[in-house]
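Down below is the structure, laid out as C-alpha cells.
Every number here is computed from the coordinates shown, using simple stated rules; none is lab data. On a predicted model such as this, the values are computed, not experimentally measured, just so you know. Glycine gets a Cβ as well: all are built from the backbone with ideal geometry, and neighbour counts include every protein chain shown.
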Amino acid sequence: MDKLAIIGGRPLYGEIPISGAKNSALKVMAAALLTDEKLTLTNVPRLADVDMLLRLLAQHGAEYNFDNSTLSLHVKDIFSTEAPYDLVRKMRASFNVLGPLLAREGKAKVSLPGGCAIGARPVDLHLKALTAMGAKIELDEGYVIAEAPDGLKGAVISLPFVSVGATEHTMLAAVLAGGETVIENAAREPEITDLADCLNAMGARVKDAGRSTIRIEGVDRLHGAEHRVLPDRIETGAYAMAVGAVGGELTLMGADGGLLGAALAALEEAGLQIEERENSLCIKKTEERCKAVDIVTQPFPGFPTDLQAQFMALMATADGASTIKETIFENRFMHAPELSRMGAKISVDAQTATVRGVERLKGAPVMATDLRASMSLVIAGLAAEGQTMVNRVYHLDRGFERLEEKLQNCGALIERVKD
C-alpha cells in the first residue's frame with residue numbers, strides 16, 4: 001500500500017493548475033446514460049473515482065475514450081440495467097446511475113452504495129424523490145430494485161434538508177420525466193449549476209439551478225453535447241490553506257474564487273492575501289503565522305464541509321484558538337487524533353472541535369481516514385518539522401489529481417513510497 005513521505009518546513013512558490021471538479025465530473029458522467037448520442041466532457045480529472053465510474057458505465061454499455069482531460073462517452077444501447085455491488089460499494093457517487101437508468105429504460109437494479117466512513121449519509125431522500133415521480137421501489141438483499149414501466153412523471157419534491165446528492169439525483173431522473181418537476185429546498189452548490197448546464201446543453205429544460213427552488217420541464221429525449229467541467233473548488237481551497245500553513249505564494253491556474261463561498265472570507269480573515277485574476281487566483285502569506293478563525297460548515301455558500309479537515313490543519317499552527325463546528329456529517333473529525341500525533345492541540349466535543357494553535361507541528365507517521373482528511377495530513381506534513389509519513393494514500397488518489405507532482409513543482413519535499 002503506497003505512502004507519502006513529506007519533509008516539512010519549506011514554503012511553496014510557483015503555479016499549480018487546478019483540475020476539474022471531481023464532485024461535478026462524476027455526476028455529468030452519469031448523464032451520459034440519458035442519451036444514445038455522444039457526450040464529450042473536457043477538464044475531467046484523472047482520478048481513481050473517475051476510473052471506477054467508467055468501469056461501471058462500461059458495464060452498462062458505454063463506449064469511452066479518455067485522452068488527457070477530455071472524456072467522450074457514448075451509450076448507444078443499455079446492455080445492462082444492473083449496477084453490481086462490487087462496483088457501487090467502492091464509491092458512493094456510483095449510486096447516481098439509478099435515476100438515469102430508470103428514466104431511460106424504465107427499470108434498474110442498483111446496489112446500495114459505499115464510500116468514505118464519515119457518517120451514514122442515507123439514500124432515503126433519493127428513493128423518496130423517485131417514488132414521488134412514480135417509480136415502484138423495493139429493497140432486496142442490499143439492492144434497490146426500481147421500475148417505472150410507464151415512465152417517470154413530474155412531481156413536487158420538497159427536501160426536508162439541503163442535500164447535494166439528492167438534488168443532483170432528482171435532476172438526473174427528472175429531465176426525461178413527463179411534465180414539470182419542482183425541487184424545493186434544493187442544494188445551491190456550484191456543482192448543481194454545472195450539472196444543469198450540462199443537461200441543458202443536451203436538450204434538457206432545467207431552470208433556476210443554484211437557487212433554492214429548481215424547475216425542470218421534462219423532455220422526450222436528450223442529444224449529445226460538449227461540456228467543460230468547472231474547476232475544483234475543494235482542490236483550490238486545499239492548496240490555498242497549504243500556503244497558509246507553510247508560507248509562500250501560489251498562483252492557482254484555472255481557479256475561481258467565487259466558487260469557494262465562505263471559505264474565501266475565512267482565509268482572508270486568517271491573514272492570507274488573495275488576489276483574483278482572470279482565470280487564476282494568487283494566494284500569498286505575509287505574516288509569520290495565520291490568525292485563528294472560527295468556522296461552521298454549512299451548505300453553499302457557507303463554509304464547505306469538504307474543506308473542514310484542511311482548515312483544521314491550518315488552524316493547528318495559527319495564532320490563537322479557533323472553534324470548528326461540523327453540521328453536515330457526523331464522524332467527520334477522525335483526522336483530529338492523527339493531527340494530534342503531530343503535536344496539534346485539538347479537543348473534540350460532539351460536533352465541535354477546539355483548536356489551539358502551536359508554533360510548529362512535528363513530523364510523525366499518520367493514517368488517512370477519508371479523502372479530505374488525507375489532504376489535511378498532507379498540509380500538516382508540509383508545515384511540520386522533520387518527516388511525516390502519510391499512510392493509506394489511496395484516499396488521496398480518489399480526489400486529488402497529480403498531488404505530489406503539483407507540490408514538488410512548487411518546492412515541496414514530497415514523494416510516494418511503495419511498500
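Amide H to amide H, with H built 1.01 Å from N, SER158 comes under 5 Å of GLU184, counting only residues 5 or more places away or on other chains.
With the gyration tensor restricted to C-alpha atoms of the range 314-399, the semi-axes of the equivalent ellipsoid amount to 19, 18, 9 Å, longest first.
On the beta carbon distance between MET1 and PHE66, with R0 = 25 Å, the FRET formula returns roughly 0.50.
Is the shape of the range 268-419 best called rounded, prolate or oblate, per the rule: a/c under 1.5 gives rounded, else a/b larger than b/c gives prolate, else oblate, with a ≥ b ≥ c the square roots of the Cα gyration tensor eigenvalues?
Details: a/c = 1.26, a/b = 1.08, b/c = 1.17.
Note, shape of the range 268-419 comes out rounded.
When the Cα positions of ALA146, THR70, GLY363 are compared along the charge dipole of the chain, GLY363 comes out farthest toward the positive end, with charges on each C-beta of Lys, Arg, Asp and Glu.
Which of rounded, prolate, oblate describes the range 117-219, given a ≥ b ≥ c as roots of the alpha-carbon gyration tensor eigenvalues and a/c under 1.5 marking rounded, otherwise prolate only if a/b is larger than b/c?
Details: a/c = 1.83, a/b = 1.17, b/c = 1.57.
Oblate, because a/c is 1.5 or more while a/b does not exceed b/c.
Neighbour counts of other Cβ atoms within 10 Å put CYS282, CYS198, CYS410 in the fewest-to-most order CYS282, CYS410, CYS198.
How large is the convex hull of the C-alpha atoms of the range 1-128 per residue, in Å³?
143
Grouping the Cα pair distances of the range 249-291 into 10 Å bins from zero gives a pair-distance distribution of 31, 56, 13 percent in increasing distance order. Size descriptor for the range 22-228, Kirkwood hydrodynamic radius: 16.5 Å (Cα pairs only, one decimal). Cross-linked pairs LYS22/LYS128; LYS107/LYS128; LYS128/LYS153; LYS27/LYS207; LYS22/LYS325; LYS27/LYS284: Cα-Cα separations exceed 23 Å for LYS22/LYS128; LYS22/LYS325; LYS27/LYS284.
Normalized C-alpha radius of gyration of the range 172-216, against 2.2 N^0.38 Å? Show your work: numbers first, answer last.
Numbers: Rg = 9.6 Å, N = 45, 2.2 N^0.38 = 9.3 Å.
Output field value: 1.02.
The distance between label points at SER212 and LEU139 comes to 3.0 nm (points 7 Å beyond Cα on the Cα→Cβ vector). What the phi angles of the range 324-330 give under the Karplus curve with 6.51, -1.76 and 1.60, with θ = phi - 60°, is a coupling list of 10, 10, 9, 10, 8, 10, 7 Hz, glycine and proline written as x. Specify the angular offset, from 0 to 90 degrees and rounded to the nearest 10, of the alpha carbon long axis of helix 233-246 from the longest principal axis of the alpha carbons in the chain. Helix 233-246 and the main axis of the chain meet at about 10 degrees. Taking θ as phi - 60° and the Karplus parameters 6.51, -1.76 and 1.60, the scalar couplings of the range 288-293 work out to 5, 10, 6, 8, 5, 9 Hz in sequence order, x denoting glycine and proline. Computed per residue of the chain from DSSP H runs no shorter than four, each worth -39500 (n - 2.57), the mean residue ellipticity at 222 nm is -8500 deg cm²/dmol.
Cβ-to-Cβ counts within 10 Å put ASP370, ASP294 in ascending order as ASP294, ASP370, the fewest first. Compared with the dominant principal axis of the Cα atoms in the chain, helix 164-174 is inclined by about 20°. Across the chain, Cα pairs under 8 Å and at least six residues apart give a relative contact order of 21 percent.
Give me the angle, in degrees from 0 to 90, between the Cα long axis of helix 371-383 and the longest principal axis of the Cα atoms of the chain, rounded to the nearest 10. With both axes taken from Cα atoms, the answer is about 20 degrees. Amide H contacts for CYS290 (H built 1.01 Å from N in the peptide plane; partners 5 or more residues away or on another chain; cut-off under 5 Å): ASP319.
Annotation for the range 30-47 versus the range 159-187: alpha-carbon center distance of 20 Å.
Going by C-beta contacts inside 10 Å, put ILE192, ILE183 in order with the fewest on the left. Walk me through the numbers on the way to the answer.
On the way: ILE192 24, ILE183 28.
With the fewest neighbours first, ILE192, ILE183 line up as ILE192, ILE183.
Database remark: amide H of GLU249 closer than 5 angstrom to the amide H of LEU12, TYR13, GLY14 (H placed geometrically; neighbours at sequence offset of 5 or more, or on other chains; Pro and chain starts carry no H).
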